[in-house]
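Data block below; observations after.
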Amino acid sequence: YGIMSWWDYGHWITRISHRLPNANPSRPTSGTPAQLFSAQDEDSANELMDKLGMRYVIVDYYTATSKFHAVATLADRNPEDFFDVYYLPQEDRLLTIQLFYPEYYHSLAIRLYNFDGKAVTPESPVVISYQPKIGRDGKTYKVITSSKSFSDYEEAIAYVSSQKSDDYRIVGTSPFISPVPLAALEHYQLVYKSEGAIRRQEAEPMPEIKIFEYIK
């Protein structure tokens, strides 16, 4: 059987487990892990796992967070399909804030690492409106003009749909708090968490690595 992981870690997996990962630094342009990790539904992820004969998926903290822009890029997607930087007016200055879109939370890597493949019920989904502006360098940036919380996801969807402008988005402020409902994954079982933990500001430490077994 094979092991699916981000290509950065392929040689480590071969050395430690004596198993062949799907990608390694000798094949850094391989888009297959990116396609799996960014998959928006379980069926398409399962199809890829079956095609490649993969049995385990290894996901680490960085692949699910700071490296996810590379996942999007190698999957031939724009990272801004999953998250973007906004500017929040605060007194006489603009505060930079990163916000996450539903597509980010639907991605398989996020459903596995951030939520252990479990079902998620969103708490107070937030909808923002924004205004595109052009900076002195000629680049466009987005300034938040309003923010509204809702009691459930359906209300948030209805609110966005009722707007005449496209400049409204359902967003999350944390990678680990989903603003959208997520169904439990049926074919991925968490079998290992590393002892080494990532310490996060004002949050519980996270295992650096999680391993999931793919069960048909």
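The values are calculated or read from the model by the stated rules, or taken from the named source; none is laboratory data. What you see is a predicted model; the values in this text were computed from it and never measured. Cβ coordinates were reconstructed from backbone atoms using ideal geometry, including for glycine residues, and neighbour counts include every protein chain displayed. These area figures cover heavy atoms from the full protein model, side chains too; ligands, DNA and RNA do not enter into them. Shrake-Rupley method; radii C 1.70, N 1.55, O 1.52, S 1.80 Å.
What to note about this one:
- Test: residue in region 86-93 that is modelled with pLDDT of 95 or more and acidic (Asp, Glu): no
- Subset of region 183-216 (residues that are at pLDDT below 95 and either within 21 Å of GLU47 (Cβ to Cβ) or polar (S, T, N, Q) (or both)): SER194, GLN201, LYS216
- Subset tally (residues that are modelled with pLDDT under 80 and either β-branched (Val, Ile, Thr) or assigned to a helix (DSSP H, G or I) (or both)) for region 18-33: 1
- Sole exception among (1) free of Cβ contacts under 8 Å to residues at least 40 places away in the same chain; (2) surrounded by 14 or more Cβ atoms within 10 Å (Cβ to Cβ); (3) under 21 Å from the mean Cα position of the chain (by Cα) for GLU47, by number: (2)
- Residue match in region 72-95 (condition: touching a Lys or Arg at 6+ places or on another chain (Cβ under 9 Å) and buried (at least 20 other Cβ atoms within 10 Å of the Cβ)): no
- Only one entry in VAL180, VAL191, VAL120 is within 28 Å of ASP60 (Cβ to Cβ) and open to solvent by 60 Å² or more (accessible area, probe 1.4 Å), namely VAL191.
- Any chance TYR101 is closer than 21 Å to PRO205 by Cα and either at pLDDT 95 or above or touching a Lys or Arg at 6+ places or on another chain (Cβ under 8 Å) (or both): no
- Number of residues in region 194-210 that are in a strand (DSSP E or B) and open to solvent by 40 Å² or more (accessible area, probe 1.4 Å): the value is 7.
- Residue check: SER5 meets all listed conditions (1) touching a residue at least 40 places away in the same chain (Cβ under 8 Å); (2) more than 21 Å from GLY117 (Cα to Cα) but one, namely (2).
- Filtered residues of region 194-206 (kept if under 14 Å from TYR61 (Cα atoms) and not aliphatic (A, V, I, L, M)): SER194, GLU195, GLY196, ARG199, ARG200, GLU204, PRO205
- Every residue from region 163-177 that is open to solvent by less than 60 Å² (accessible area, probe 1.4 Å) and not in a loop (DSSP other than H, G, I, E, B): TYR168, ILE170, VAL171, GLY172, SER174
- Any hit, region 193-214, residues being of a type in the set (S, T, N, Q) and within 18 Å of the chain's Cα centre (by Cα): no
- Any chance SER107 is closer than 25 Å to GLU208 by Cα and out of contact with any Pro (no Cβ under 9 Å at 6 or more places or on another chain): yes
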